[in-house]
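S.K.: Quick one: the structure is below, and I'll ask about it shortly.
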Amino acid sequence: MPMFVSGWPNMNVLSLFNSTIMKIHVLIYLLFFISVSCKPQYEMETPPAPADQPARVEAVTLTPKKEPIPITASGIIALKKQAILSFKVGGIVDRLLVEEGQPVKQGQVLAQLNLREIDAQVRIATEATQKAERDFDRVNNLYADSAATLEQLQNAETALRIATSDLEIATFNRSFSEVTAPTNGIIQKRFVETGELIEPGNPIFQFGGITDEGFVIRIGVADRDVVRLNQNDVADFTLAAYPDELFRAKVTEIAEAADPRTGTFEVELTLDTTNRIIKSGFIAKVRLYPSAVPPYYEIPMSALVEGDKKNAIIYTVGPDQTVSQTTVPAFEIRSSSFYVHADHLEDSTRVITRGVARLRNGSTVEVVEQGGLQ
């Protein structure tokens, strides 16, 4: 008869019961591990694939192309004959005779300095020259009467030449104390106000000459791109002012030397005529289309095994379905593809585009259709 203490089973009986349950659990685990260890090995593992089974890959067959690969760049629109106008000498700006946006004619006076100081310098140089002439005449007469030495005559002659040169300088500077329009054009920007004290060469106006050449875009291109360009190559460009329109231009100048500051070559494009309002300072996004295009291959970026800025490593498939690791120079790299000159690979070469991670040089492959690998 079971015994109870305060309504609970006897503690000795309960301990015996728990011990029995634990032993049963241990026995079950032992039987499980024995049964597993006695199974044949082939029931435990998935049989490996045969070592000589070819890897399944996707590949593309290369065909040469000659369509122009556009060169992209950005540049600023400006008038062809654009210049910064300034005074040769410093001084106080006395008169500004034109406003921004105003058309002007060649030779028209645009601005003047206060001439009081400049005219005084001219007068000083004039009087110094007159004195030097009188001194030379007097010494020359004395030398003729043997009352002056040859050295005194030569010194007087030198003093006269110096005074004459000083007068030429003062007169020249006086002529450049005003700014005139170099050609017919338009005042694009004014940099100073009346009464300002300026240094020699300080910008006064930005001037744009109106010529038949009109507006141009100047861009910088890398050395690998400038060798692809020729005069009259076509281009198109977009402007933020007209985001939905495409404008046309053509190459009119190509620099023979690189800009030492940027290392790029300046290319100038002349804009085709348009009925849209174009202003200097507009930023253009340009695409250039070189006319001289040697045959090339476009290879998907998925075919790239590894590479750097100049060379790309790819796998090609031979007639015997074996792969070869090939290094080729890439002359252009884009987000989805890269380009290789046709003389670096044979026509109809098959390049692996999917499955390259499982390959090594000399591997045998099975080429499946595009999209065949999932």
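The values are calculated or read from the model by the stated rules, or taken from the named source; none is laboratory data. Computed from a predicted structure; not experimentally measured. Because the Cβ atoms are built from the backbone with ideal geometry, glycine has one as well, and the counts that use them run over all protein chains shown. These area figures cover heavy atoms from the full protein model, side chains too; ligands, DNA and RNA do not enter into them. Shrake-Rupley method; radii C 1.70, N 1.55, O 1.52, S 1.80 Å.
S.K.: Find the residue count for segment 159-197, including only residues that are of a type in the set (A, V, I, L, M, F, W, C) and touching a Phe, Trp or Tyr at 6+ places or on another chain (Cβ under 6 Å).
M.R.: Selection size over segment 159-197: 2.
This table checks each residue for (1) within 17 Å of GLU67 (Cβ to Cβ); (2) open to solvent by 20 Å² or more (accessible area, probe 1.4 Å); (3) touching a Lys or Arg at 6+ places or on another chain (Cβ under 7 Å).
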site	(1), (2), (3)
ALA257	no, yes, no
ILE299	yes, no, no
ASP308	no, yes, no
ASN311	no, yes, no
GLU332	yes, yes, no
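S.K.: Please find, within segment 353-374, the residue that is modelled with the lowest pLDDT out of those that are open to solvent by less than 80 Å² (accessible area, probe 1.4 Å) and assigned to a loop (DSSP other than H, G, I, E, B).
M.R.: My answer is GLY372.
S.K.: Scanning for something modelled with pLDDT under 90, open to solvent by 40 Å² or more (accessible area, probe 1.4 Å) and closer than 30 Å to VAL109 by Cα, does segment 222-232 turn up at least one residue?
M.R.: no
S.K.: State the number of residues belonging to segment 335-351 that are surrounded by 11 or more Cβ atoms within 10 Å (Cβ to Cβ) and at pLDDT below 85.
M.R.: Counting residues in segment 335-351 that are surrounded by 11 or more Cβ atoms within 10 Å (Cβ to Cβ) and at pLDDT below 85 gives 1.
S.K.: Related question: Regarding ASP135, is this residue among the charged types (D, E, K, R), at pLDDT 90 or above, surrounded by 15 or more Cβ atoms within 10 Å (Cβ to Cβ) and closer than 27 Å to ILE204 by Cα?
M.R.: Details: among the charged types (D, E, K, R): yes; at pLDDT 90 or above: yes; surrounded by 15 or more Cβ atoms within 10 Å (Cβ to Cβ): yes; closer than 27 Å to ILE204 by Cα: no.
Here the answer is no, as ASP135 does not meet what is asked.
S.K.: Out of ILE217, ILE210, ILE204, report the one residue that is more than 18 Å from VAL286 (Cα to Cα) and buried (at least 18 other Cβ atoms within 10 Å of the Cβ).
M.R.: None of the other options fit; the residue is ILE204.
Okay, residues lined up against (1) on the phi > 0 side of the Ramachandran plot; (2) open to solvent by 70 Å² or more (accessible area, probe 1.4 Å); (3) more than 37 Å from the chain's Cα centre (by Cα):
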{"position": "THR72", "(1), (2), (3)": "no, yes, no"}
{"position": "ILE84", "(1), (2), (3)": "no, yes, no"}
{"position": "PRO103", "(1), (2), (3)": "no, yes, no"}
{"position": "GLY107", "(1), (2), (3)": "yes, no, yes"}
{"position": "GLU117", "(1), (2), (3)": "no, yes, yes"}
{"position": "ILE124", "(1), (2), (3)": "no, yes, yes"}
{"position": "ALA128", "(1), (2), (3)": "no, no, yes"}
{"position": "LYS131", "(1), (2), (3)": "no, yes, yes"}
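Residue-wise test of (1) touching an Asp or Glu at 6+ places or on another chain (Cβ under 7 Å); (2) basic (Lys, Arg); (3) not in a strand (DSSP E or B).
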{"site": "GLU298", "(1), (2), (3)": "no, no, no"}
{"site": "SER302", "(1), (2), (3)": "no, no, yes"}
{"site": "TYR315", "(1), (2), (3)": "no, no, no"}
{"site": "PRO319", "(1), (2), (3)": "no, no, yes"}
{"site": "SER324", "(1), (2), (3)": "no, no, no"}
{"site": "TYR339", "(1), (2), (3)": "yes, no, no"}
{"site": "ASP343", "(1), (2), (3)": "no, no, yes"}
{"site": "VAL351", "(1), (2), (3)": "no, no, no"}
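S.K.: Still on this structure: Hey, which of the strands (runs of 3 or more DSSP E) in segment 28-88, taking only ones fully inside, have at least 2 residues that are at pLDDT 85 or above and farther than 30 Å from ASN184 by Cβ? It would help to see each step written out before you state the result.
M.R.: Values: elements: 55-61, 71-79, 81-86.
In segment 28-88, the matching strands (runs of 3 or more DSSP E) lie at 55-61, 71-79.
S.K.: Condition test on VAL98, is it under 30 Å from THR274 (Cβ atoms), open to solvent by less than 50 Å² (accessible area, probe 1.4 Å), modelled with pLDDT of 90 or more and in contact with a Leu (Cβ under 6 Å, 6 or more places away or on another chain)?
M.R.: Here the answer is yes, as VAL98 does meet what is asked.
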